[in-house]
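The values are calculated or read from the model by the stated rules, or taken from the named source; none is laboratory data. This structure is a prediction, so every number in the text was calculated from the model and none was measured. Backbone-built Cβ (ideal geometry, glycine too); neighbour counts: all protein chains shown.
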Amino acid sequence: MLQDKQLVVGDAIEEFVGQIESLANSLPLAMLAIQGAYRVAFKSYEEFVQKHCEKQIRDDDTYIVVPFEHNDRYTVLNKRVQQTSTAYSAVPRSFQVSLVSSYDAFLGNLVSALFRIKPELLKSSDRELTFSQLSDFGSIEEAKEYLLEKEVETLLRRSHSEQFDWLENKFAIKLRVDLPIWPTFIEVTERRNLFVHSDGVVSRQYLKVCREHGVSLGAETKQGLRLDVPHPYFRLAYEALFEIGVKLGQVLWRKLKPTDAPDADANLSNLCYGLLKERNYRLAQKLLDFACSPAMKHSDEKRRLIFLVNRALSYKWDNQPSKALEIVKSEDWTATGAAFRLAAAVLQDQFGDAISIMKTIGAEGEIHKVHYKTWPLFKEIRKAKEFRETFEEIFGEPIGKAAPLKKESLNPDKPDFDPGPETPPTVVN
């Protein structure tokens, strides 16, 4: 749990997102390193076997006959292959456990921050202090801090669905309405429990909880099956926890302290903008749909329109132009400022109108030259000669050359997690 007692909800959300993003970005690199280690180990093993051993086929199985004098070396090489092969399943599992652990830590930080916003909520706690405990505290504030910590500890010992029950009762709010990601969240957290308690083997409890919460399980998912963490599943788990955590923090923050709406808007806007920059359009859409929902109360009209523009952008760059156009046309842009009219023109591929508005805005207007260079909104129009000429005319400098195209050596969405060749055959001394 974060130590700063003045921690605000936004800090808790940002730390949580940073932690799970680091896990999501690190797993592909870890798996590539393991894959390299496996191939090196297997190559050494194969070279040793070819030089010193004999392969035999018995009852359709391959066996290795190892001369006695080479048995120790064979055992070492075989063990290295087995260890790196095991890491293919063990490491993604550990990352999955860490994802859920990060969410649990976030929930503790979030609830602590919320209690500090409204300390009177602790009055409803049924926790009692003995006289001797009270005597140990130097002040009422220390006693309150102790009660807060115990309240959070008790919450975190509950199941994840029970935690939401507690949050809904404590803060008098419905948190699972219009939340399609809920079944995925439950499955992710329950699978984590399997990895921690039963080596990933499906239990009766896992099946019961998943069915109670509407999780769609495949016909092959039966008691006794050992589950794993293929990379597409890990990305799904990461995005589910990202979505649940951010939405939970935002909803409770805005309810308990409406005057923080400007900070809450800025926090959510920065997260969505980061997802657009990283081209994670699917997750950006979920958060921007949430940001633009009718129930959302924004700090001002400008912030609402920024969310709307970025929402349309998330669909446009995700090859859903009709959805993007639907979002743009839902607003009357003629009543907005030049910057928003420019955004609407770009989103509708009305480049001629966009160039004219650029000239109207000029060098000292609402849009800085850095925005033209970096905002994903201008990704396509930047390629237009007229846009580049207009930029130079306005700012007295070229927009800069486009970076040369480079073939990516790593696709973070679909890294190669194939464990390679089968593990070595059985040894016969």
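For the list (1) without any contact (Cβ under 8 Å) to a residue 60 or more places away in the chain; (2) of a type in the set (F, W, Y); (3) under 23 Å from E190 (Cβ atoms), I need the number of the one condition that F115 fails.
Condition not satisfied by F115: (3).
Can you name the residue in the range 288-319 that is assigned to a helix (DSSP H, G or I) and aromatic (F, W, Y) and, of all such residues, is nearest to K247 (Cα to Cα)? Quick ask: steps written out before the conclusion?
We begin by selecting, within the range 288-319, every residue assigned to a helix (DSSP H, G or I); these are 288-291, 301-316.
Among the residues that remain, those that are also aromatic (F, W, Y) are: 290, 307, 315.
On the way: F290: 8, F307: 15, Y315: 20 Å.
This residue is F290.
Assuming R279 fulfils every condition listed in (1) surrounded by fewer than 18 Cβ atoms within 10 Å (Cβ to Cβ); (2) assigned to a helix (DSSP H, G or I); (3) of a type in the set (D, E, K, R) apart from one, which condition is it?
(2)
Scan the helices (runs of 4 or more DSSP H) fully inside the range 50-159 and keep the ones with 1 or more residues being at pLDDT 90 or above and more than 22 Å from V8 (Cα to Cα). Break it down stepwise before answering.
Details: elements: 71-117, 131-136, 140-156.
Per the criteria, 71-117.
Conditions: (1) more than 23 Å from S22 (Cβ to Cβ); (2) of a type in the set (D, E); (3) in the same structural domain as F378 (by TED's automatic domain parsing). E278 meets all but one. Number of the miss?
(1)
When you check P398 against the structure, is it at pLDDT below 90 and either in a loop (DSSP other than H, G, I, E, B) or in contact with a Pro (Cβ under 9 Å, 6 or more places away or on another chain) (or both), yes or no? Lay out the reasoning, then the answer.
Working: at pLDDT below 90: no; either in a loop (DSSP other than H, G, I, E, B) or in contact with a Pro (Cβ under 9 Å, 6 or more places away or on another chain) (or both): yes.
Taking the combined requirement at face value, the residue does not satisfy it.
Tell me which residues, restricted to the range 45-73, are exposed (fewer than 15 other Cβ atoms within 10 Å of the Cβ) and hydroxyl-bearing (S, T, Y).
Answer for the range 45-73, where residues must be exposed (fewer than 15 other Cβ atoms within 10 Å of the Cβ) and hydroxyl-bearing (S, T, Y): just T62.
Could we say that A324 is in a helix (DSSP H, G or I), aliphatic (A, V, I, L, M) and within 23 Å of G245 (Cα to Cα) here?
Numbers: in a helix (DSSP H, G or I): yes; aliphatic (A, V, I, L, M): yes; within 23 Å of G245 (Cα to Cα): no.
Judged against the criteria, A324 is not a match.
Kindly list the number of the only condition in (1) without any contact (Cβ under 8 Å) to a residue 40 or more places away in the chain; (2) out of contact with any Asp or Glu (no Cβ under 6 Å at 6 or more places or on another chain); (3) in the same structural domain as Q96 (by TED's automatic domain parsing) that fails for V215.
Checking V215 against (1) without any contact (Cβ under 8 Å) to a residue 40 or more places away in the chain; (2) out of contact with any Asp or Glu (no Cβ under 6 Å at 6 or more places or on another chain); (3) in the same structural domain as Q96 (by TED's automatic domain parsing), the one that fails is (2).
Are there any helices (runs of 4 or more DSSP H) wholly within the range 180-266 with 3 or more residues that are more than 17 Å from F16 (Cα to Cα) and charged (D, E, K, R), and if so which?
On the way: elements: 182-197, 204-212, 231-256.
Passing ranges, in order: 182-197, 204-212.
Looking at (1) at pLDDT below 95; (2) closer than 23 Å to F290 by Cβ; (3) under 15 Å from the mean Cα position of the chain (by Cα), which is the one condition that is false for E243?
Looking at each condition in turn, E243 falls short on (1).
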